């Protein structure tokens, strides 16, 4: 498995500082652990479930899924990289859905897109019209599900096997003439999915300011266009809002619309920050402020989903060349760095802390060491 440094980044692109690892390990060592001799297992990768899921004939026990998710999350993967030219090696915790390295990777992607959108304007005043009407190049479309549909069916419908979200995106292309989209699969606080689709338009669409009871928003002026969008989604409500930045320079209180879209995907469940998650047995054990991101991570793991998808057409419109598809994007990139080994253990970081406390220094090969290849 060969890896290349990120473009334009000097030094080791994967390095996690030893101080950071040591500090986190020390905090983890003091955390409460599950007291059950048979902790909840993540059962949604076994062939029987995958076969049932692929056919749409499946059922998820959410309490079991949440408990299994945190049991799975408590297992860390320590990746050892080696530079074949210099012999230098280093270890870092591998990203997995819900942990801090995973959130950091999502933030890097979000920040790259934000850089590509920097200095670009998406809304313009219309000459001869009052400022309550604008031309806009970006729409945020959010879909929801009627709760007559089961939660299982709702999430399955937006998976690649269910296909309903892909059909909806295809219909949006027919309506607006644009394939430039960002699609994010997020949950609501009740556990149902509420996917967001950010649509970048080459040809602007006219929008009008709408003063609601709680906030001011910008809505499509064309009722016919709105009717077509809503008619393309049969599962529940569709919200269509034009992306117009507030006078503060923010969108819905976030620095950019992409930050708003990814607010739960970039939220980590690091057990040093949320020690109460170590003993979770079901969704009711999860603090209310964390339930939406927990639902988001758990269901996307069950779906094996691309929870944050940026279309090629969207990338092509960014002013950041790092995010434009390269001509040789399918070709392997040579690098001196390669993945040498993977160590895994249910209490890996706590074991590392204990080893350091005994004066053992850095972690060495163990019986759980796996070949990278």
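Express the relative contact order of the range 131-261 as a whole percentage, based on alpha carbon pairs under 8 Å and six or more residues apart in sequence. All intermediate terms of the calculation are to be shown ahead of the outcome.
Working: 204 pairs, mean separation 43.9, N = 131.
Once divided by the residue count of the range 131-261, the mean separation gives 34 percent.
For each of 141, 342, count neighbouring Cβ atoms within 10 Å of the residue's Cβ, then give the residues from fewest to most.
Values: 141 22, 342 16.
Least to most surrounded, the residues fall as 342, 141.
Hey, what did the range 114-199 get for relative contact order, percent, Cα under 8 Å, at least 6 apart?
29 percent
Highest mean first, what order results for 175-181, 282-288 on Cβ atoms within 10 Å? Kindly include the intermediate steps, with their values, before the conclusion.
Values: 175-181: 17.4, 282-288: 13.7.
Sorting 175-181, 282-288 by mean packing, highest first, produces 175-181, 282-288.
Could you line up 110, 294, 238 from fewest to most neighbouring Cβ atoms inside 10 Å?
238, 110, 294
With the Cα gyration tensor of the range 196-296 giving a ≥ b ≥ c as the square roots of its eigenvalues, does the rule (a/c under 1.5 for rounded; else a/b larger than b/c for prolate; else oblate) give rounded, prolate or oblate? Don't skip to the end; give the middle numbers.
Values: a/c = 2.74, a/b = 1.95, b/c = 1.41.
Because a/c hits 1.5 or more and a/b exceeds b/c, the range 196-296 counts as prolate.
Taking square-rooted eigenvalues a ≥ b ≥ c of the alpha carbon gyration tensor, is the range 224-281 rounded, prolate or oblate, where a/c under 1.5 means rounded and, failing that, a/b exceeding b/c means prolate? Intermediate values should be presented prior to the final figure.
Working: a/c = 4.98, a/b = 1.62, b/c = 3.07.
Oblate shape, in that a/c is at least 1.5 and b/c is the bigger or equal ratio.
For the range 35-151, what is one quarter of the convex hull surface built on the Cα atoms, given in nm²?
15.9 nm²
When 262, 55 are ordered from fewest to most other Cβ atoms inside 10 Å of their Cβ, what list results?
Neighbour counts put them in this order, fewest first: 55, 262.
Based on alpha-carbon centroids, what's the gap between the range 73-136 and the range 146-167 in Å, whole number please?
After rounding, the separation between the Cα centres reads 27 Å.
With r defined as the distance between the Cβ atoms of residue 84 and residue 130 and R0 fixed at 51 Å, what FRET efficiency is calculated, to the nearest 0.05?
Values: r = 65 Å, r/R0 = 1.28.
The computed FRET efficiency comes out at 0.20.
For the pair residue 279 and residue 148, how long in nm is the line joining their label points, each one 7 Å along Cα→Cβ?
Once both label points are built, they end up 4.4 nm from each other.
Based on the alpha-carbon gyration tensor of the range 104-251 and its eigenvalue square roots a ≥ b ≥ c, which shape applies: rounded if a/c is under 1.5, prolate if not and a/b is larger than b/c, or oblate?
Details: a/c = 1.73, a/b = 1.40, b/c = 1.23.
Taking the square roots of the gyration eigenvalues as a ≥ b ≥ c, the range 104-251 is prolate.
So what's the gap between the Cα centers of the range 237-281 and the range 189-226, to the nearest angstrom?
Cα centroid of the range 237-281 versus Cα centroid of the range 189-226: 18 Å apart.
Computed from the coordinates by the stated procedures, all read-outs in this text should not be read as laboratory data. What you see is a predicted model; the values in this text were computed from it and never measured. Glycine also receives a Cβ, built like all others from the backbone with ideal geometry; neighbour counts cover every protein chain displayed.
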